[in-house]
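Please read the structure below before turning to the comments.
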């Protein structure tokens, strides 16, 4: 485990309840967090990614560090033959992403780029439904999400686009991964407008983007993180992680304004990272994670993806497609499925380094298209690889109390 911030806190519940995975070490720049995590999980604390990857007891490293560090850290781990699970984005530039692609090929070690909402089980269920062919070809994909992202506590670099701040390398990769997974992967061109609506948060906080796929499908992406309208209103007030919540429009902004000083914001951000004695949350009315409204129109049906699963609309009406219940809160177990396949079965993930580079290329093109007010054509897209049908052995939940074993 490398980095003990918010991303790790979302993946950790799935890790500690999955018998295929054992935590074997930790790296974090914060000595307190690193020490507490090492003590709680009875694992060694290392000073660097290189030292962790060199540990013979480590099969893979999970990189949940600031975006600008991902490529160098991934290359360092791959150079030692250690597999890599890295948070999105793979890097901030296509050029750096391609360094990771080459390092993976040279070493034979695999890369899994996640966890985006393309790993959500309802999205995977829709992918499988589309592969079956009964719905016909995909024509239109709509991803529409409004929330409070820009006003959650941030470090200064998280409000600087050049350093990976704002929505472009944090939230938009979710949308791009989703629609590329469902649209076949090969985006031909991008046309976008992005907006900085609050000078006190000087980075992109919203966008509208049109993607044209090589196969003829198109996707429309809309995202706003300005803490006004909230698309959880359209999902029965189930939040992004699948948890029930109460309506609270504007609450994130009000909480920031209530701080004694803007200088207190980074500390508030740090408090959301790992804390001693952590225990996984209890599922109480939880459903599947989601990323706002996702609607796919095919030749013979429209399909909506939501926290309760799939709804298919056709000439016979609406029918529900069941999706297996969540395994942890939030449920990120599909990420571990891909990691297991890569490490144990030597099966590349559909979300490998080349896929991650293609997603970053779309994000770069969104910025360029908005700034230059033109359509941008792409050169590094890759088709979606179809995964194996099943994971073997089947993942089995374990008692979280045994996490230090």
Alpha carbon centroid spacing (whole Å) that separates the range 112-128 from the range 242-269: 29
Packing rank of 135-144, 250-259, where each peptide gets the mean count of other beta carbons within 10 Å, highest leading: 135-144, 250-259
By average C-beta atoms within 10 angstrom, highest first, the peptides 76-88, 50-62: 76-88, 50-62
Sorted by Cβ neighbour density within 10 Å, fewest at the top, the residues 160, 331, 316, 230: 316, 160, 230, 331
Shape of the range 41-123, Cα gyration tensor, a/c cut at 1.5: oblate
Cα convex hull volume per residue for the chain (Å³): 134
Residue exposure sequence - 234, 126 - by fewest surrounding Cβ within 10 Å: 234, 126
Cβ-based exposure ranking for 161, 17, 359, in which fewest neighbours within 10 Å come first: 161, 17, 359
The range 121-219: radius of gyration and largest Cα-Cα distance (Dmax), Å: 15.8, 49
Listed peptides 164-175, 302-313 by packing density, highest first (mean Cβ within 10 Å): 164-175, 302-313
Whether the range 1-85 is rounded, prolate or oblate, judged on the alpha carbon gyration tensor where a/c under 1.5 counts as rounded: rounded
Length released on extending from residue 200 to residue 300, taking residue separation times 0.36 nm less the Cα-Cα span: 31.3 nm
Extension gain from residue 214 to residue 42, taking 0.36 nm per residue of separation minus the Cα-Cα distance: 56.9 nm
Contour minus Cα-Cα distance for residue 137 and residue 272 (0.36 nm per residue): 44.3 nm
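Read-outs: derived from the displayed coordinates by stated rules, not from any lab. Quantities reported herein were computed from a predicted structural model and do not represent experimental measurements. Every residue, glycine as well, gets a Cβ built from its backbone with ideal geometry; the counts of neighbours run over all protein chains shown.
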